[in-house]
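Below you'll find the structure, written out as structure tokens, and then a few comments.
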Amino acid sequence: MPEIMTQGVMPEVMCDKTGYGIAVDIGTTTIALYLYDMGKNECLAIESRMNGQARYGADVISRIQYCIEHANGVQALQHTVIDELNDMIGSVCRASEIASDKICYGVITGNTTMLHLLTGLSPETMGVLPFRPLSLFGETMTMPALGLLAAPDAACYLPPCMSAFVGGDISCALLPAGFLQGKDVCLLMDIGTNGELVVGNQDFVYSTSTAAGPAFEGAHIRWGMAGVIGAIDRVYEKDGCIRVNVIGDVRAQGLCGSGLLDAIALLRRKGVIDETGRITEEHKEWQCTYEGQAAVKIADDVVLTQQDVREVQMAKAAIAAGVLALLKSAKLTCEDIKKVYLAGGFGNYMDQQSAKEIGLLPSGLGEVMSMGNAAGAGAVMALLNGSYQGEMQRTCGRARHIELGHNPYFMEKYMEEMCF
């Protein structure tokens, strides 16, 4: 069994199928595809790429808006992801020396919007009140019906979603986390533009989503970027100077989410940023101005501006307040949470101490564990053994979803959590 999760342990899965199959996680930013020989329980190839839909919008909301504003928007976004998937299928099949028409089964997961766009359903109703999707999936189609390369009768399972903004990717991520089968109360967090949160154990499940904005994915940050070559992914102090680690060991081009988090934590620790988020006059040698704003020079060509700090404040406040509001709805406190599972790319690479220092993770929570691509791991589990599909259906059926849009406690905590 390949180690799909970076620091977690992939559960052993008894396979109930034979032949070749694919498990896919369509993320808003990246797509990951796993090719399996199911009878041998063997991963033959893994392919990961940026989601080409990004040219229509960096996040879910902007892609929904594109569909609202363009008559052929849904078709354009669907064709983009289908073409990308077929190219990836061709790539892994060539690498494994098998024909694509030998693929007989697939599981494709993603957030609710990504699954709508994959299947050609309009996500427009999720862009306006009351945010109701056309489908919550949990259904099986054929891969050729979707336009995907596979055997003529290849089945494709689309995992169920809990709501418009807690999707099939979260249903899948809960499988390797496994806490819904035990007594300990645990929390799953997928920190991104739309922060998805699930708390529960074998007796109950509560879920919610909170619009954190894309700061931790590098968007709306002046020198923000994805975690690719050239991105600063670590920021620290040495000999009184700001030091950085750059992906690919090249000249720094910008800050990805983990580097941004480190930078804010360091500057807060050194008093360069006060509790209100204002850049002070401490360590003047680190500071500069950019377009009339106070700013801090992180690397030769990378600057963190006052507006960037405000973007991080809003993002971290939304996540922290979302956690607190979810726990209150479930009649829990932070101290009741035995373990926190961080799903997704940002959660995997962020420094947990930095996250705690700036208040992204509320104090009092239990042990924090990074899972890597938990959605992909769950999709693989559902590919190899059909019983996991039933488990996801049961979880979504008993989950209670908490809306935060008009939740006064969430708004109260959001304002409080704006401070560092």
Problem - Difference of contour (0.36 nm per residue) and Cα-Cα distance, Cys241 to Asp83 - result: 52.2 nm
Practice task
Mind checking the full-extension length gain between Ile98 and Glu291? Use 0.36 nm per residue of separation minus the Cα-Cα distance, one decimal, nm.
Solution key: 63.9 nm
Practice task
Give, as ranges by residue number, the residues of segment 369-387 whose backbone N falls under 13 Å from the point 7 Å along Cα→Cβ of Gln352.
Solution key: 369-372
Handout entry: Candidate lysines for bridging to Lys40, where Cα separation is under 28 Å - those fewer than 8 sequence places away on the same chain excluded
Key = Lys17, Lys102
Exercise for the section: Could you work out which residue, out of Ser171, Ser91, Ser258, moves most in a Gaussian network model of the chain, that is, has the largest mean-square fluctuation with Cα springs under 10 Å? Expected result: Ser91
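Given segment 20-176, what percent of its DSSP beta bridges are antiparallel, to the nearest 5? Mind showing how you got there, number by number?
Numbers: 20 of 30 bridges.
The answer is about 65 percent antiparallel.
How many lysine pairs does segment 176-302 hold where the Cα atoms are under 29 Å apart and the two sit 8 or more places apart or on different chains?
Numbers: Lys238/Lys270; Lys238/Lys284; Lys238/Lys297; Lys270/Lys284; Lys270/Lys297; Lys284/Lys297.
For segment 176-302, qualifying lysine pairs total 6.
With an 8 Å Cα cut-off and a minimum separation of 6 or more residues, compute the relative contact order for the chain in percent.
Numbers: 962 pairs, mean separation 75.2, N = 420.
Relative CO of the chain lands at 18 percent.
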Exercise for the section: Please build a GNM for the chain, connecting alpha carbons under 10 Å apart, and tell me which residue among Asp274, Asp239, Asp101 fluctuates the most. Expected result: Asp239
Handout entry: Theoretical gain in end-to-end length, Lys17 to Lys331 [0.36 nm per residue, Cα-Cα removed]
Key = 108.9 nm
Exercise for the section: Please determine, in degrees from 0 to 90 and to the nearest 10, the orientation of helix 73-96 with respect to the longest principal axis defined by the Cα atoms of the chain, where the helix direction is its Cα long axis. Expected result: 70
Completion exercise
The helix 60-69 Cα axis meets the longest alpha-carbon principal axis of the chain at an angle in degrees, between 0 and 90 and rounded to 10, of 70
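Normalised by the residues of segment 202-333, what does the relative contact order come to in percent, with Cα pairs under 8 Å and at least six apart?
Working: 217 pairs, mean separation 34.8, N = 132.
This gives 26 percent for segment 202-333.
For Asp25, what charge total do you get from the other residues with a beta carbon under 15 Å from its beta carbon, if Lys and Arg give +1 and Asp and Glu give -1?
Details: positive: Arg49; negative: Glu47, Glu84, Asp169, Asp190, Glu196.
Combined, the nearby Lys, Arg, Asp and Glu give -4.
When a/c is below 1.5 the answer is rounded, else prolate if a/b is larger than b/c, else oblate, so apply that to segment 20-176 with a ≥ b ≥ c taken from the square roots of the Cα gyration tensor eigenvalues. Write down the numbers at each step before the final one.
On the way: a/c = 1.98, a/b = 1.64, b/c = 1.21.
Judged from the Cα gyration tensor, segment 20-176 comes out prolate (a/c at least 1.5, a/b above b/c).
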Practice task
With label points built 7 Å along Cα→Cβ from the Cα atoms of Val250 and Arg394, find their separation and express it in nm.
Solution key: 4.9
Problem - Max mean-square fluctuation residue, GNM over the chain, Cα-Cα springs under 10 Å, options Ala151, Ala263, Ala173 - result: Ala151
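Can you bin segment 110-193 into rounded, prolate or oblate? Criterion: square roots of the alpha carbon gyration tensor eigenvalues sorted a ≥ b ≥ c, rounded for a/c under 1.5, prolate for a/b above b/c, oblate for the rest. Before the final figure, lay out the partial values.
Values: a/c = 2.64, a/b = 1.30, b/c = 2.04.
It comes out oblate by the Cα gyration axes.
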Practice task
Mind running the shape call on segment 352-420? Use the C-alpha gyration tensor, a ≥ b ≥ c as the square roots of the eigenvalues: rounded below 1.5 for a/c, prolate if a/b tops b/c, oblate otherwise.
Solution key: oblate
Completion exercise
With x for Gly and Pro, the residue-by-residue ³J(HN,Hα) of segment 31-47, computed from phi through the Karplus equation 6.51 cos²θ - 1.76 cosθ + 1.60 at θ = phi - 60° and given in whole Hz, is 10, 10, 10, 10, 9, 10, 8, 5, x, 8, 6, 10, 7, 8, 6, 10, 10
Fill in the blank from the handout: For the chain, longest principal axis from Cα atoms; helix 408-417 axis from its Cα atoms; angle between them, nearest 10 degrees, is 50
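Among Trp286, Trp223, what is the fewest-to-most ranking by other Cβ atoms within 10 Å? If you can, show how the numbers build up before the last one.
On the way: Trp286 20, Trp223 23.
The order, fewest Cβ neighbours first, is Trp286, Trp223.
Beta carbons within 10 angstrom, averaged per residue: use that to sort the peptides 312-319, 77-84, highest first. Provide the component values of the computation, followed by the final result.
On the way: 312-319: 23.4, 77-84: 18.5.
Ranking the peptides 312-319, 77-84 by packing returns 312-319, 77-84.
Counting DSSP beta bridges in the chain, what percent are antiparallel, to the nearest 5? Don't skip to the answer; put the middle values down first.
Numbers: 47 of 73 bridges.
Restricted to the chain, the bridges split so that about 65 percent are antiparallel.
The numbers here are math on the coordinates, done by the rules we state, and not lab data. Remember, it's a predicted structure, so these values are computed and weren't measured experimentally. Here the Cβ is made from the backbone with ideal geometry for all residues, glycine too, and neighbour counts use every protein chain on show.
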